[in-house]
Amino acid sequence: MSEVKRIDIADFREQGFLQEANRQFFHPLGLALEVVIEDDGTERLGGVWDYRDDPEGVLYGGDLEVDAGKVSSVAAEAERHRVPREAIFGEGQTVQGVPPQPSRPSPMQRSV
């Protein structure tokens, strides 16, 4: 197995990956991936905020707005990977699908 490559957490945040992971995936579910900036300036993943009990999930606002430049940066990176991923998953498909699962009887069918 090849060595795992890792992005620096500051680069992850500055290039927009944190914003877009939160905006597109975590926030609608009421979650937020956190980056902590230490006193010495180093950055690390801090944890996942949990606001799943809020009906609207998590929203950007106040002092922290969506950065359109970061949206564009991440979209350009996604586009760079689009053609090779479509070659694997099919036209228009860039997200890996879930393999079919064997069907299981419903609870009603099992109790009969």
Model label zone, residue 53; criterion: amide N under 15 Å from point 7 Å along Cα-to-beta-carbon; scope the range 7-34: 30-31
Peptides ranked, highest mean first, by Cβ atoms within 10 Å: ranges 51-62, 27-38: 27-38, 51-62
Computed helical MRE - 222 nm, the chain, DSSP H runs ≥ 4 contributing -39500 (n - 2.57), nearest 500: -10000 deg cm²/dmol
Bins of 5 Å, starting at 0 and running to the largest distance - Cα pair percent for the range 9-90: 3, 14, 18, 21, 19, 13, 8, 3, 1, 0
Difference of contour (0.36 nm per residue) and Cα-Cα distance, residue 82 to residue 66: 3.4 nm
Selection from 89, 18, 58 lying farthest towards where the dipole of the chain points positive, charges on Cβ: 89
Per-pair calculated FRET efficiency, R0 = 25 Å: residue 3 and residue 75 via Cβ, rounded to 0.05: 0.30
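The numbers here are math on the coordinates, done by the rules we state, and not lab data. The structure presented is a predicted model; accordingly, all values stated were derived computationally and were not measured. Don't worry about glycine lacking a Cβ; one is built from the backbone with ideal geometry, like all the others, and counts go over all protein chains shown.
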